[in-house]
Amino acid sequence: MSADEHQADPDVARIFAPVAVEDTFAGVLTEAASILGALDDPVDAELWGSDLIGALAASAASQASLMDALIGSLVPAAETAATPGSLALLRVFAAIGSPALRAAAGPAAARASGRGVADPPWAASLGSPQVGECWHYMDVGGRQESLTMTFRYGDRPHAVCVLIDHSCGGKIRDAWVTKAAGLRAETEQAAQDDPHMLFEMIDAAEAGRKLKAAIGAGERPDQPDQVDDVVAHRALLHARLKLLVSPGTRPPEAP
C-alpha cells in the first residue's frame with residue numbers, strides 16, 4: 001500500500017468496525033502476513049499500521065480499552081504466532097504505536113526475532129526517517145493553514161501534510177501523505193500565483209510546535225474522505241511529532 005495509492009485500497013475501517021476489536025485479531029494477523037511482506041518502503045508499512053490502529057479504534061469503547069486489547073491480546077498473539085508477518089506487525093506497532101504499545105511490541109518483536117523469525121527488509125530503519133524541509137502556507141486571513149513536513153528513508157522521500165482550521169480553534173481538518181516529486185516548488189508557485197495565499201519555510205522545531213498544537217486542539221474533519229484521512233493518519237502524526245520535537249532531530253541535507 002503506497003502513500004499515493006492509499007485511498008484506492010479497501011476501507012479498513014469498514015471491514016473491522018462492525019465487530020468487537022478482539023474478534024478481528026485473527027484477520028489482522030492474516031492481513032499482516034499478506035501485505036507487510038510485500039512492501040519495500042518503510043513509510044508504506046507505517047501507513048498500513050496507522051490505518052489499522054485507526055480502524056480498530058472505531059470498534060473500541062475507548063482509546064484505553066483499545067490499547068488494553070492490543071497490548072493484552074494482539075501483541076501476545078503476534079509473538080506466539082512467530083511468523084514473518086506477525087513479526088512485521090510487531091515492528092510496526094513498536095514504531096508508530098502509543099508509548100505503552102511501543103513498550104510492549106518492541107520486546108515482543110525482539111523475542112520473536114531471537115527465535116529465528118525473519119524480519120522484513122525495512123525493519124531496521126522503520127520509525128526513524130531523516131527529517132527534511134518543512135513549510136506552511138495559509139490564506140492571508142489566517143483561517144486555514146496547510147503544514148507540510150518532509151522525511152526521507154534513504155533515497156525515498158515522503159511528505160506528511162496536515163490541514164489546520166484556525167476558524168475552529170486550530171483543529172486538524174485533514175491529513176495525508178504523498179511521495180510526489182516537486183511538492184515544495186509546486187506549493188510555492190501556487191502561493192505566488194494567488195495574492196491571498198502566504199508561503200513560508202519553517203524549521204523542524206517550528207513545524208513540531210505547530211503539529212503539537214494542532215493535535216492538542218483536536219480533530220474537525222468536515223467531509224467523509226477527511227474523516228477517513230484523519231483517522232487513518234492519526235498514529236503516524238503522533239509518531240512524526242516525536243521526531244520533530246526530538247533533541248536529536250537532524251537538519252535537512254543540503255541539496
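Please list, in chain and number order, the residues 5+ apart from ARG220 or on another chain whose amide H is under 5 Å from its amide H, with Hs placed from the backbone.
Under 5 Å from the amide H of ARG220: ILE172, ARG173.
Short version: ³J(HN,Hα) in whole Hz for each residue of segment 57-67, in order, from phi by Karplus 6.51 cos²θ - 1.76 cosθ + 1.60 (θ = phi - 60°), x for Gly and Pro, what are they?
4, 5, 9, 8, 5, 6, 4, 5, 5, 4, 4
Within 12 Å, Cβ to Cβ, of ALA239, how many net charges do the neighbouring residues add up to if Lys/Arg are +1 and Asp/Glu are -1?
Overall, the nearby charge balance is +3.
Dipole size in debye (nearest 20) for segment 159-247 around its Cα centre, Lys and Arg Cβ +1, Asp and Glu Cβ -1?
It comes to approximately 560 debye.
Quick check: at a probe of 1.4 Å, how many percent of the accessible area of segment 101-176 sits on carbon and sulfur atoms?
52 percent
How long is the gain from ARG156 to ALA180 if the chain were fully straight, where each residue apart is worth 0.36 nm and the alpha carbon distance is subtracted?
7.6 nm
For LYS242, which lysines qualify as cross-link partners when the Cα separation must be under 20 Å and same-chain residues fewer than eight apart are set aside?
LYS242 reaches LYS171, LYS210, LYS212.
Once you put a point 7 Å from the Cα of ASP23 and another 7 Å from the Cα of ALA103, both along the Cβ direction, what distance in nm separates them?
Those two pseudo-labels are separated by 3.2 nm.
Longest exposed-loop-site-free stretch of the chain, with GluC sites (Glu not before Pro), DSSP loop and at most 16 other Cβ within 10 Å?
In short, 6-252.
What is the calculated FRET efficiency for MET201 to LYS242, with r their C-beta to C-beta distance and R₀ = 35 Å, to the nearest 0.05?
Result of the calculation: an efficiency of 0.95.
Taking only DSSP H segments of four or more residues, each worth -39500 (n - 2.57), what value at 222 nm results for the chain once the sum is divided by all its residues, to the nearest 500 deg cm²/dmol?
-15000 deg cm²/dmol
Around ALA190, under 13 Å between beta carbons, what's the net of Lys plus Arg minus Asp minus Glu among the other residues?
Local charge sum for ALA190: -4.
In square angstrom, what is the accessible area per residue of the chain with a 1.4 angstrom probe?
Normalised by residue count, the accessible surface of the chain is 46 Å².
Using the Kirkwood formula over every pair of different C-alpha atoms, what hydrodynamic radius in Å results for segment 164-255?
Here the Kirkwood hydrodynamic radius works out to 14.8 Å.
In percent, what relative contact order does segment 84-151 have, based on Cα pairs under 8 Å that are 6 or more apart in sequence?
Here the relative contact order equals 27 percent.
With charges set only on the Cβ (+1 for Lys and Arg, -1 for Asp and Glu), what does the dipole of the chain come to about its Cα centre, in debye to the nearest 20?
1020 debye
The values are calculated or read from the model by the stated rules, or taken from the named source; none is laboratory data. Only a predicted model underlies this, so the values are computations on that prediction, with no experimental measurement involved. Backbone-built Cβ (ideal geometry, glycine too); neighbour counts: all protein chains shown. Note: accessible area is taken over every heavy atom of the protein model, side chains too, but ligands, DNA and RNA are not part of it. Shrake-Rupley method; radii C 1.70, N 1.55, O 1.52, S 1.80 Å.
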